[in-house]
Amino acid sequence: MKNKKMAPIGVFDSGVGGLTVAREISRQLPYENIVYFGDTARVPYGSKSQNTIIRFSEQIIRFLRTKQVKAIVIACNTASAFALDAVQHEQDIPVLGVIGAGAKVAAEETVNKRVGVIGTVGTVGSGIHEAYLKKLDPKITVIGKACPLFVPLVEEGWLHDPVTVEVANRYLQELKDKDVDTLILGCTHYPLLKPLLKAEAPGITLVDSALTTAEAAAQALAAADLLNSGNGSADYRFYVSDIPLRFRTIGERFLGRSMEQIEMVSLG
Ligand code: DGL
């Protein structure tokens, strides 16, 4: 590509969830072209082992690099937790995960030094947020809570349903009992639950990893002199490893706009 700045950003996730990150990137960086890959044939990642997630991530990055991406955003919290370190040093372009930026904001926001983290079983079990937060401030105590039921509830579109309120209260109780004042939304799907979580956890500061990651991507691109400062409208391409029923409907809800170019590819 003649002008590297015009090359797309590669964004990937286990499925539709990472579209919340793509949405924030497109909001904060409206001139950036995006190539999105959702591993819909192999979702969920949240319950799989680290070795498997590293292998999947490497395959996806190889695919994204065939699209001449100038940077990669691992928009999946589980893949960021398990694979970022392994894949980052193999690449000669910026590779960002979704954990670091959220941890930094949480460390700045917490007053009582008690930070909660919600995410998949894999992300919470990895202890990655604790590692980041302790490095930023050893006095911070991190309380993790896996919330696996949130993913299907969000995909069902039950963002204000009494069932989701009930589930949220069960999950949040432990975090409230442990007096967290800041809560990291450590899963791609959770930004859509922000209004509900705000209502059910009043007084707790929510940290949206999609938002913080888009900010971090903007900084990383600027630092590498790769920011696309604009020339016409941005191009978005979506690739998936399967086209499940309702993919487009759910995806468009996550992305907040229509998805025209969806193509199925096989990574095998
Ligand atoms: N995208 C995943 C994450 O952010 C949630 C869905 C899954 O388990 O694959 O961890």
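The values are calculated or read from the model by the stated rules, or taken from the named source; none is laboratory data. All values derive from a computational prediction rather than experimental measurement. FYI the Cβ positions are ideal-geometry reconstructions off the backbone, even for glycines, and counts take in every protein chain you see. Note: accessible area is taken over every heavy atom of the protein model, side chains too, but ligands, DNA and RNA are not part of it. Shrake-Rupley method; radii C 1.70, N 1.55, O 1.52, S 1.80 Å.
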Exercise for review: May I ask you to list pairs of residues, at least six apart or on different chains, whose Cβ atoms are under 7 Å apart, with the first in the range 138-149 being farther than 13 Å from residue 189 by Cα and the second being charged (D, E, K, R) and part of a loop (DSSP other than H, G, I, E, B)?
Suggested key: 139/113; 140/113; 141/113; 143/178
Study note, to complete from the structure: If we ask which residues in the range 80-105 are open to solvent by 10 Å² or more (accessible area, probe 1.4 Å), of a type in the set (A, V, I, L, M, F, W, C) and either within 14 Å of the ligand (Cβ to nearest atom) or closer than 14 Å to residue 215 by Cβ (or both), their number turns out to be 6
Exercise for review: Only one of these is farther than 21 Å from residue 80 by Cβ, among the aliphatic types (A, V, I, L, M), open to solvent by 40 Å² or more (accessible area, probe 1.4 Å) and outside any strand (DSSP E or B): 167, 163. Name it.
Suggested key: 163
Check your understanding: Is one or more of the residues making up the range 48-64 buried (at least 21 other Cβ atoms within 10 Å of the Cβ), assigned to a loop (DSSP other than H, G, I, E, B) and within 13 Å of the ligand (Cβ to nearest atom)?
Key -> no
Review point. Does residue 117 satisfy the criteria of being in a strand (DSSP E or B), open to solvent by less than 40 Å² (accessible area, probe 1.4 Å) and away from the ligand (no atom under 14 Å from the Cβ)?
Key: no
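Hey, any hits in the range 14-21 for a residue that's assigned to a loop (DSSP other than H, G, I, E, B), more than 13 Å from the ligand (Cβ to nearest atom) and touching a residue at least 24 places away in the same chain (Cβ under 8 Å)?
No, because not a single residue in the range 14-21 is assigned to a loop (DSSP other than H, G, I, E, B), more than 13 Å from the ligand (Cβ to nearest atom) and touching a residue at least 24 places away in the same chain (Cβ under 8 Å).
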Revision key, fill the gap. Considering residues that are in contact with a Lys or Arg (Cβ under 9 Å, 6 or more places away or on another chain) and outside any loop (DSSP other than H, G, I, E, B), the number found within the range 170-182 is 5
Review point. Which of the residues belonging to the range 209-249 are β-branched (Val, Ile, Thr), open to solvent by less than 50 Å² (accessible area, probe 1.4 Å) and assigned to a helix (DSSP H, G or I)?
Key: 212, 213
Review point. Scanning the range 186-208 for residues that are outside any helix (DSSP H, G or I) and over 19 Å from the mean Cα position of the chain (by Cα), which turns out nearest to residue 102 (Cα to Cα)?
Key: 204
Practice item. Look at residue 68 and say whether it is open to solvent by 10 Å² or more (accessible area, probe 1.4 Å) and on the phi > 0 side of the Ramachandran plot. Key: yes
